[in-house]
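A.B. asks: I have a structure here, written as structure tokens, and I will follow up with some questions on it.
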Amino acid sequence: MAQYELLDNVKHKDLRVDLRFGAGLGDGSGLVPAWPTEFAELQREYPIFLREDGEGGGYQATALLGFDRDENLFVRDDRWSAGYLPGALARGPFLIGFQEQAGAAGLERTPVIHVDMAHPRVARDGEGVAVFLPQGGQSPYLQHVTTVLTGINDGVEAGHAMYAALDALGLVQPVDIEIKFDEHHGAKLTGLHGIDRDRLAGLDAAQLHGLHRAGWLEGVYLMLSSLHNLRRLIAEKQRRLREQAAAEAAA
């Protein structure tokens, strides 16, 4: 069970975070949430799709990491095999919360950082990277996490507006993906949505200009361009299946 606490440089002066990778550290998932603020980075290495958000009735972007629910093909030997780490994982045990603070216009909701002390990345016995410097200042790691969290916070609001606009134009459509890795193995991905290229091509000038003016058109093309990464993911899955078959044959 999560154990959220407001991050404090006195209470958490000795807090350290394990930066290795593995299923036991929270990385064993085939899908992770994504936000428009990181699409430019994500699209270089990950396929980006949309999924229905069961809570708000809208959509949530997601980066595909594997072909099974618990399969992450980017983790190998405690290392991450891509140049960009999705924000949902880069934030580690930290998240944005809100606190009411006095401001010029009265009480204002101010974003603050919380830490989940039950998160598997919270290091024990002095291992991992320090969150605070000995004098109490933020470590370079915490500064990076703060940047990641700011991007996520901005991306949440932007994503809601973007996906609603795309859906209103009929651009968000279900995508079913069926893949054959070899003679004996395959996968079928359901529940994903993507951008319909034909509907996008059928938009008139005013609709396209509206997306561009709102800042959503770039995100549309980034999502579409990200789909070429499916080939790389398939190739990695095939490579691991060959390794597994060779190991079983040698056993």
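Derivation of every value follows stated rules applied to the coordinates shown; laboratory data play no part. Predicted, not measured: the structure shown is a model, and the values here were computed from it. Positions of Cβ are backbone-derived with ideal geometry, glycine not excepted, and every protein chain shown enters the neighbour counts.
A.B. asks: Just to be sure I understand: with springs between alpha-carbon atoms less than 10 Å apart, which residue in Gly210, Gly58, Gly66 has the highest mean-square fluctuation in the Gaussian network model of the chain?
C.D. replies: Checking each option, the largest mean-square fluctuation is seen for Gly210.
A.B. asks: Here is a follow-up. Beyond 22 Å, what share of the Cα-Cα pairs of region 172-251 is found? Please give it as a whole percent.
C.D. replies: Summing the P(r) tail past 22 Å for region 172-251 gives 46 percent.
A.B. asks: State the percent of C-alpha pairs, over all pairs in region 94-210, separated by a distance greater than 23 angstrom.
C.D. replies: Percentage above 23 Å: 62.
A.B. asks: Tell me, what is the percent relative contact order of region 72-196, built from C-alpha pairs under 8 Å that lie six or more residues apart?
C.D. replies: It comes to 15 percent, rounded to a whole number.
A.B. asks: Could you give P(r) for region 110-166, binned at 5 Å from zero, as whole percent values over all Cα-Cα pairs?
C.D. replies: Histogram of Cα-Cα distances, whole percents per bin: 4, 14, 17, 22, 16, 10, 8, 5, 3, 1.
A.B. asks: Could I ask something else about it? Classify region 131-199 as rounded, prolate or oblate from the Cα gyration tensor: take a ≥ b ≥ c as the square roots of its eigenvalues, call it rounded if a/c is under 1.5, otherwise prolate when a/b beats b/c and oblate if not.
C.D. replies: oblate
A.B. asks: What is region 173-239's relative contact order, in percent, from Cα pairs under 8 angstrom and six or more apart in sequence?
C.D. replies: 28
A.B. asks: In region 78-140, how does Rg compare with the Kirkwood Rh, expressed as the Rg/Rh ratio over alpha carbon atoms?
C.D. replies: My calculation of the ratio gives 1.07.
A.B. asks: In region 113-206, if the dipole is taken from +1 on Lys/Arg beta carbons and -1 on Asp/Glu beta carbons about the Cα centre, which of Ser139, Ala118, Ala165 is farthest to the positive end?
C.D. replies: My answer, from the dipole projection, is Ser139.
A.B. asks: Students often check this: by mean Cβ neighbours within 10 Å, which of 36-42, 239-245 ranks highest, and how do the rest follow?
C.D. replies: 36-42, 239-245
A.B. asks: Where the centroid of each part is defined by its Cα atoms, how far is region 73-149 from region 1-59 in Å?
C.D. replies: Each part's Cα centre sits 10 Å from the other's.
A.B. asks: What are the radius of gyration and Dmax of the chain, computed over its Cα atoms and given in Å?
C.D. replies: When restricted to the Cα atoms of the chain, Rg and Dmax are 20.6, 71 Å.
A.B. asks: Under 26 Å between alpha carbons, and skipping anything fewer than 8 positions from Lys188 in its own chain: which lysines qualify?
C.D. replies: Filter leaves Lys180, Lys237.
A.B. asks: Additional query: Multiplying the sequence separation of Arg199 and Asp8 by 0.36 nm and subtracting their Cα-Cα distance, what value in nm do you get?
C.D. replies: Result for the pair: 63.8 nm of gain on full extension.
A.B. asks: Once a ≥ b ≥ c are taken as the square roots of the eigenvalues of the Cα gyration tensor of region 204-251, is the result rounded (a/c under 1.5), prolate (a/b larger than b/c) or oblate (a/b not larger than b/c)?
C.D. replies: Prolate, since a/c reaches 1.5 and a/b exceeds b/c.
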